[in-house]
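Reading through the structure tokens given below for one structure.
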Amino acid sequence: VQLQASGGGLVQTGGSRRLSCAASGFIFSITTMGWYRQAPGKQRELVAAVRSGGSTNYADSVKGRFPISRDSAKAYLQMNSLKPEDTAVYFCNAKNTGSGGIRDYWGQGTEVTVSS
């Protein structure tokens, strides 16, 4: 599975940005797609994820602001009401389950900077 993320950039506080992630390769094996982020000096954290059945989960800090959606092999993160603390590199993630258990795949990261 290969992941191509796009949509990052500079945005003002209160603004919106949409991140896209396109999966290719062994896409029928994907169970979950999601977004993680890593701010400078901090650990990577889950932002939002959506499973094949449509269920979602979100970090408390983005609930109500960053709806995640999925269309087959593409996932989207609509970021609204952006805050400076949302500044980070955002990574697309996909998971599949095989004989070896759950495997993670990562996109290249797209940087989002929210100016105050």
Given the criterion among the hydrophobic types (A, V, I, L, M, F, W, C), in contact (Cβ under 8 Å) with a residue 60 or more places away in the chain and either closer than 22 Å to Gln12 by Cβ or open to solvent by 60 Å² or more (accessible area, probe 1.4 Å) (or both), identify the matching residue among Met79, Met33. Met79
Exactly one of (1) assigned to a loop (DSSP other than H, G, I, E, B); (2) touching a strand residue (DSSP E or B) at 6+ places or on another chain (Cβ under 6 Å) is unmet by Thr32. Its number? (1)
When you look at Lys95, is it in a loop (DSSP other than H, G, I, E, B) and surrounded by fewer than 21 Cβ atoms within 10 Å (Cβ to Cβ), yes or no? no
Pair list, Cβ < 6 Å and 6+ apart or interchain, from segment 1-25 residues that are over 12 Å from Tyr105 (Cα atoms) to residues that are at pLDDT below 95 and exposed (fewer than 13 other Cβ atoms within 10 Å of the Cβ): Thr13/Ser116
Any residue at all in segment 82-89 that is acidic (Asp, Glu), surrounded by 15 or more Cβ atoms within 10 Å (Cβ to Cβ) and either touching a Pro at 6+ places or on another chain (Cβ under 9 Å) or in contact (Cβ under 8 Å) with a residue 12 or more places away in the chain (or both)? yes
Suppose we keep only residues that are over 28 Å from Ser72 (Cβ atoms) and in a strand (DSSP E or B) within segment 1-17. Which one would you say is least open to solvent (accessible area, probe 1.4 Å)? Leu10
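Per-residue answers, yes or no, for (1) at pLDDT 95 or above; (2) of a type outside the set (Ser, Thr, Tyr); (3) in contact with a helix residue (DSSP H, G or I) (Cβ under 9 Å, 6 or more places away or on another chain):
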| position | (1), (2), (3) |
| --- | --- |
| Ala49 | yes, yes, no |
| Phe66 | yes, yes, yes |
| Asp71 | no, yes, no |
| Ala75 | yes, yes, no |
| Asn80 | yes, yes, no |
| Glu85 | yes, yes, yes |
| Ala88 | yes, yes, no |
| Ser99 | no, no, no |
| Ile102 | no, yes, no |
In segment 103-115, which residue that is touching a residue at least 24 places away in the same chain (Cβ under 8 Å) and of a type outside the set (Gly, Ala, Ser) is surrounded by the most Cβ atoms within 10 Å (Cβ to Cβ)? Thr110
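The values are calculated or read from the model by the stated rules, or taken from the named source; none is laboratory data. Fair warning: this is a prediction, and the values are worked out from it, not measured in the lab. In this analysis, Cβ positions are derived from the backbone assuming ideal geometry, glycine residues included, and neighbour counts consider all displayed protein chains. For accessibility, only protein heavy atoms count, side chains too; no ligands or nucleic acids. Shrake-Rupley method; radii C 1.70, N 1.55, O 1.52, S 1.80 Å.
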